[in-house]
1. Checking I138 against (1) part of a helix (DSSP H, G or I); (2) β-branched (V, I, T); (3) open to solvent by less than 10 Å² (accessible area, probe 1.4 Å), which single condition isn't satisfied?
2. In region 188-201, which residues are touching a residue at least 12 places away in the same chain (Cβ under 8 Å) and surrounded by fewer than 16 Cβ atoms within 10 Å (Cβ to Cβ)?
3. Of the residues G167, G180, which is of a type in the set (G, A, S) and either out of contact with any helix residue (DSSP H, G or I) (no Cβ under 6 Å at 6 or more places or on another chain) or within 30 Å of S103 (Cα to Cα) (or both)?
4. Only residues that are within 21 Å of R145 (Cβ to Cβ) and open to solvent by less than 10 Å² (accessible area, probe 1.4 Å): list them for region 239-263, please.
5. Filter region 1-53 down to residues that are among the hydroxyl-bearing types (S, T, Y) and surrounded by 21 or more Cβ atoms within 10 Å (Cβ to Cβ) and give me whichever is modelled with the lowest pLDDT.
6. Here are some conditions: (1) over 27 Å from S240 (Cα atoms); (2) open to solvent by 30 Å² or more (accessible area, probe 1.4 Å). T169 meets all but one. Which one does it not meet?
7. In the list N211, N289, which residue meets the criterion of being out of contact with any His (no Cβ under 6 Å at 6 or more places or on another chain) and at pLDDT 95 or above?
8. Which of the following residues is touching a Lys or Arg at 6+ places or on another chain (Cβ under 7 Å), crowded, with 16+ Cβ neighbours inside 10 Å and modelled with pLDDT of 90 or more: Q174, Q153, Q227?
Amino acid sequence: MSTIPLIVRLLASSVSVANRAGKIVRDVMSKGELGIVEKGKDDFQTEADRSAQRCIIASLEAQYPNLSIIGEEDNPVDTQDEIPSDWIVVDKDNEVMRLECPSSLQGVNEEDIVVWVDPLDGTSEYTQGFLEHVTVLIGISVNERPVAGVIHQPYYKNLIGGEKKIGRTIWGLQGVGVGGFVPAPPPDSLIITTTRSHSNPVVEKALNVMNANQILRVGGAGYKVLQLLEGIASVYVFASSGCKKWDTCAPEAILSAAGGKLTDIVGNFYKYGASESRPNKSGVLAAVNSDLHDYALSRIPQELKETLSK
């Protein structure tokens, strides 16, 4: 197994641990004791956020001790804390393990990697019952750029071979593509996906100039990018500083692997090095292909770009 490049092994591990974190998210909800803590205005944390993050970080650290791992929740895994043994996942997804690693990523070492973890993207939606919006995000960056990622949907229901399954995991790897589903072409008309709960006049102005046929307001950056990948929406527009690096690292990696593009509102790529500030201060602009991204970027007024670039 040591002959398999590190990036492939890490992505395969991330798929398996995201599945386990998703089960923790469901288990907390089914027990009905969410343990909600308010971190700030419209910013909540639940027992599911905390436990899923402990599962993810402990599992990855056990296998890759020299990684830099940055999680959303302010509870780094303490080696003195007792973590349930079934939360430590060392399995690796077989499908991912068979991937051929791009030559540009074959020589990557643990020290070159920063992993960005959002254990429960869409916490507000989770507490309000919009469970299909909830995702678990694990993004893998090398030299400040996202190269691989996992989006797990704990509450996604589908039929496989006549058997009802809950939860699905989608992954992407630069130079390889995406797995876990088949991307769909964009809709014929311009459909924009944007925030459900974090709007303001600047956000609305950026939406109004798009001349969209429809605007979808949903929770979670992971879920919005899934809408792009599934052909439900054409462009994701969020002209505000509300997103963080752990919200966009995995979605950007997967979207990019599928031929899409995610930048800030000005058109610049975010950097995902460990020393970068956490907030995505200049908003998010994403699309399933470069042409749609170019169109959306051209519609954003210069004064709005300048406002968000300050």
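The values are calculated or read from the model by the stated rules, or taken from the named source; none is laboratory data. Here the structure is a predicted model, which is why all the values come from computation and not from measurement. Heads up, the Cβs are rebuilt from the backbone with ideal geometry, glycines too, and the neighbour counts pull from every protein chain shown. To get the accessible areas, we keep the full protein, side chains included, count just its heavy atoms, and leave off ligands, DNA and RNA. Shrake-Rupley method; radii C 1.70, N 1.55, O 1.52, S 1.80 Å.
1. Going through (1) part of a helix (DSSP H, G or I); (2) β-branched (V, I, T); (3) open to solvent by less than 10 Å² (accessible area, probe 1.4 Å) one by one, I138 breaks only (1).
2. S189, S197, N200
3. Numbers: G167 fails: either out of contact with any helix residue (DSSP H, G or I) (no Cβ under 6 Å at 6 or more places or on another chain) or within 30 Å of S103 (Cα to Cα) (or both).
Exactly one residue qualifies, and that residue is G180.
4. K245, T248, C249, A250, P251, E252, A253, I254, L255, L262, T263
5. Of everything passing the filter in region 1-53, T46 is modelled with the lowest pLDDT.
6. Exception for T169: condition (2).
7. Result of the check over N211, N289: N289.
8. Numbers: Q174 fails: touching a Lys or Arg at 6+ places or on another chain (Cβ under 7 Å); Q227 fails: touching a Lys or Arg at 6+ places or on another chain (Cβ under 7 Å).
When all the criteria are applied, what remains is Q153.
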